[in-house]
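Structure below; questions to follow.
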Amino acid sequence: MEKKFTLGIIGAGNMASAILGGILKGGILKAEKIAVSDKDSEKLAIMAQNGVYVTHDNREIASESQYVIFAVKPQIAPVVFEEIKEVISAGTVVSIMAGISIAKLKNALGERNYARIMPNTPALAGEGMSAVAFSEGYRSQFVLDVFASVGKVVELDESLFDAVTSLSGSGPAYVYMFIDALIAGGMEGGLDFATAKTLAVQTVRGAAKMVEISPRPIDDLVDAVCSKGGTTIQAVESFREDGLKDVIVKGMEKCRRRSEELGNA
């Protein structure tokens, strides 16, 4: 039976909005092939400005869409599952909900194709990083294209998702903290906030690009900025003495363990 919509999105928050924007901008689907549900009328009104169908009825989305993306908070997922489990007929369920495994999705919604996604918030700026895991024997280029529309995508085994959470999932927060420290250091030297922010943001953006395109090890890139007895080496040696790398890795380990705990709850 042909579905009314190719894609239904349950949840109209920031990430759902980013995904919708990427799909439409990338020409992956036309607006009339997409439906969005949420209990919040204001959020739906914003979505409707894109020309998509909006509704408060999750059951309509579940029964009338070929693909369904769950973009709700994980703590309310059981309520939504209970609401739609008798009517869902989508061939593929896609989840961006943290801590909810494919096994949990399958247990709640039955036999069908599943894709679990770990995106991150820079998707809001079209620079997201998404990890994708598919259920056994399934792979969807459409799903990959959807998330590639808001950044980059890697396919991984679901067993690695706790590590992904601690790196790309939570990583933007670490980078924001580093940028904040760069700005503070610049202001300590007399720069105003706006100038320090411009310098810090472009420096991080440029350094990330260098790591992306250069075949050289990162340590070599660090050394290339330093000169013996110069200025950069003073800061670099201070960071190394204070164990900056170890501090970051330790924090990521705590993040990963918490992800494991939530996944096993």
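The values are calculated or read from the model by the stated rules, or taken from the named source; none is laboratory data. Since the structure is predicted, the reported quantities are computational estimates derived from the model, not experimental observations. Every residue, glycine among them, receives a Cβ derived from its backbone with ideal geometry; neighbour counts consider all protein chains shown.
Criterion first (surrounded by 13 or more Cβ atoms within 10 Å (Cβ to Cβ), touching an Asp or Glu at 6+ places or on another chain (Cβ under 8 Å) and either at pLDDT 95 or above or on the phi < 0 side of the Ramachandran plot (or both)) does residue 52 satisfy it?
Working: surrounded by 13 or more Cβ atoms within 10 Å (Cβ to Cβ): yes; touching an Asp or Glu at 6+ places or on another chain (Cβ under 8 Å): yes; either at pLDDT 95 or above or on the phi < 0 side of the Ramachandran plot (or both): yes.
Taking the combined requirement at face value, the residue satisfies it.
Looking at (1) basic (Lys, Arg); (2) at pLDDT 95 or above; (3) outside any helix (DSSP H, G or I), which is the only condition residue 240 fails?
(3)
Test residue 101 against the criterion of being more than 19 Å from residue 167 (Cβ to Cβ) and either in the same structural domain as residue 22 (by TED's automatic domain parsing) or out of contact with any Phe, Trp or Tyr (no Cβ under 8 Å at 6 or more places or on another chain) (or both), and give yes or no.
Values: more than 19 Å from residue 167 (Cβ to Cβ): no; either in the same structural domain as residue 22 (by TED's automatic domain parsing) or out of contact with any Phe, Trp or Tyr (no Cβ under 8 Å at 6 or more places or on another chain) (or both): yes.
Judged against the criteria, residue 101 is not a match.
Can you name every one of the helices (runs of 4 or more DSSP H) wholly within the stretch 163-228 that holds 1 or more residues which are of a type in the set (Gly, Ala, Ser) and under 27 Å from residue 252 (Cα atoms)? So that I can check it myself, show each step before the final result.
Working: elements: 171-188, 193-213, 218-225.
Filter on the stretch 163-228 gives 171-188, 193-213.
I'd like the residue in the stretch 16-46 that is touching a Phe, Trp or Tyr at 6+ places or on another chain (Cβ under 9 Å) and in a helix (DSSP H, G or I) and, out of all such residues, is farthest from residue 87 (Cα to Cα).
22
Check the stretch 131-138 and report whether any residue there is touching a residue at least 60 places away in the same chain (Cβ under 8 Å) and among the β-branched types (Val, Ile, Thr).
First, pick out the residues of the stretch 131-138 that are touching a residue at least 60 places away in the same chain (Cβ under 8 Å): none.
Among the residues of the stretch 131-138, not one is touching a residue at least 60 places away in the same chain (Cβ under 8 Å) and among the β-branched types (Val, Ile, Thr), which makes the answer no.
Okay, moving on. Just give me the residues in the stretch 109-149 being among the charged types (D, E, K, R), within 15 Å of residue 69 (Cβ to Cβ) and within 17 Å of the chain's Cα centre (by Cα), in sequence order.
Keep residues of the stretch 109-149 that are among the charged types (D, E, K, R), which gives 111-112, 116, 127, 136, 139, 145.
With within 15 Å of residue 69 (Cβ to Cβ) added as a condition, the list becomes 112, 116, 145.
Of everything in the stretch 109-149, those that are among the charged types (D, E, K, R), within 15 Å of residue 69 (Cβ to Cβ) and within 17 Å of the chain's Cα centre (by Cα) turn out to be 116, 145.
Among the candidates 76, 117, single out the residue that is modelled with pLDDT under 95 and either closer than 21 Å to residue 262 by Cα or basic (Lys, Arg) (or both).
On the way: 117 fails: modelled with pLDDT under 95.
When all the criteria are applied, what remains is 76.
Still on this structure, please answer the following. Just the residues that are of a type in the set (Asp, Glu) and surrounded by 17 or more Cβ atoms within 10 Å (Cβ to Cβ), please, taken from the stretch 24-44. Don't jump to the end; show me each part of the working.
At the first step, the residues of the stretch 24-44 found to be of a type in the set (Asp, Glu) are 32, 38, 40, 42.
Residue satisfying the conditions is 38 alone.
Give me the pairs, please: first residue somewhere in the stretch 1-27 and closer than 25 Å to residue 89 by Cβ, second residue anywhere and modelled with pLDDT under 95 and in a helix (DSSP H, G or I), beta-carbon distance under 7 Å, and either six or more positions apart or on two chains.
none
Checking residue 153 against (1) more than 30 Å from residue 104 (Cα to Cα); (2) not in a helix (DSSP H, G or I), which single condition isn't satisfied?
Residue 153 satisfies every listed condition except (1).
When you check residue 126 against the structure, is it more than 25 Å from residue 254 (Cβ to Cβ) and in contact (Cβ under 8 Å) with a residue 24 or more places away in the chain, yes or no?
Values: more than 25 Å from residue 254 (Cβ to Cβ): yes; in contact (Cβ under 8 Å) with a residue 24 or more places away in the chain: yes.
Yes.
Residues of the stretch 76-90 being assigned to a loop (DSSP other than H, G, I, E, B) and among the aromatic types (Phe, Trp, Tyr), which ones?
Here is the first cut: in the stretch 76-90, the ones assigned to a loop (DSSP other than H, G, I, E, B) are 85-90.
Those that are assigned to a loop (DSSP other than H, G, I, E, B) and among the aromatic types (Phe, Trp, Tyr): none in the stretch 76-90.
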